[in-house]
Amino acid sequence: MHSGGGARSSRADQADQRRAELLEAARRVVLERGLASTRVADIARATNVSGGLVHYHFATKDDLITEMLRSTSDAEVQRLREIAAEPGSAIQRLDRVLRFYIPASRSDQSWILWLDAWAVGVREESVRTILLELEGVWIDILGRVIAEGVAAGEFACDDPQGSAERIDGMLDGLVVRYTLHAGNMSRSRLLHHARVAAAREVGLDPSAFPADPAEVS
């Protein structure tokens, strides 16, 4: 007698695949229309399914958007952890973390998504919670990189966590300016500001950072 376990597993796999497709479609639609303007109908149209099928997997639009933001956050955190754990000197690891954080360009889709989420998060607690969790993990990883540099005798810093918080706040402001105000700042200047601020926090001269290839603004 067959238990039916294989069939149940197949259906579960199909459901997981459909959810992943809907999450990816939600991300694309949000990047095009914005969080506030995105409708379930838009996401259904992008995946050629009915609105009813979307609601079968996600009870509400808010549930779908929240899950999309959380999956995006989880992927970015995983990549950040990998970058921070790569071998190298403390200054090399710090530089890699800074480079990962700042946008690759003004059209960096990840940052466009998070800037939109910041605006929505002012009023939406579920979005705000994800943003605060993501920021907390980023600060924790940055602080740990600094603390390990201190332990290795490469950095001088009495409060790695406080330094990470200050670097985070400074970078957020500069990234907003860089992303929203074309022509005011190049990416290379943004990276320079990040390095200067970080170097001051860890007791080094900015010239201690690795030689930098040409940056594209």
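Some observations on this one:
- Whole-angstrom Cα spans of the chain along principal axes, big to small: 67, 50, 33
- Most positive-pole-ward Cα, L31, A211, P87, against dipole of the chain from beta carbon charges: L31
- The chain: calculated mean residue ellipticity at 222 nm from DSSP helix runs of at least 4, using -39500 (n - 2.57): -24500 deg cm²/dmol
- Here the spin labels are modelled as points 7 Å beyond Cα on the Cα-Cβ line, and at H181 and E148 they lie 3.6 nm apart.
- For the range 1-124, the spread of Cα coordinates along the three principal axes comes to 60, 44, 24 Å, biggest extent given first.
- Three-way shape label, the range 95-188, alpha-carbon gyration tensor, a/c 1.5: oblate
- When peptides 53-64, 192-203, 145-156 are sorted by average Cβ neighbour count within 10 Å, with the highest value leading, the order is 192-203, 145-156, 53-64.
- Under Karplus coefficients 6.51, -1.76 and 1.60, residue-wise ³J(HN,Hα) of the range 202-209 in Hz, glycine/proline x: 10, x, 10, 7, x, 5, 6, 5
- Over all pairs of different C-alpha atoms, the range 86-126 has a mean inverse distance whose reciprocal, the Kirkwood radius, equals 12.2 Å.
- Check: the chain dipole with +1 on Lys, Arg Cβ and -1 on Asp, Glu Cβ, in debye: 760
- Positive contributions from Lys and Arg (+1) and negative ones from Asp and Glu (-1), summed over other residues with Cβ under 14 Å from the Cβ of E32, come out at +2.
- Under the span-like rule (Cα at least 27 Å along the axis, Kyte-Doolittle mean at least 0.5), DSSP H helices of the chain: 125-151
Only the coordinates and a few stated rules stand behind these numbers; no lab work does. Bear in mind that the values here come from a model prediction, so they are computed numbers and not experimental data. Note that we place each Cβ from the backbone using ideal geometry, even for glycine, and neighbour counts take in every protein chain shown.
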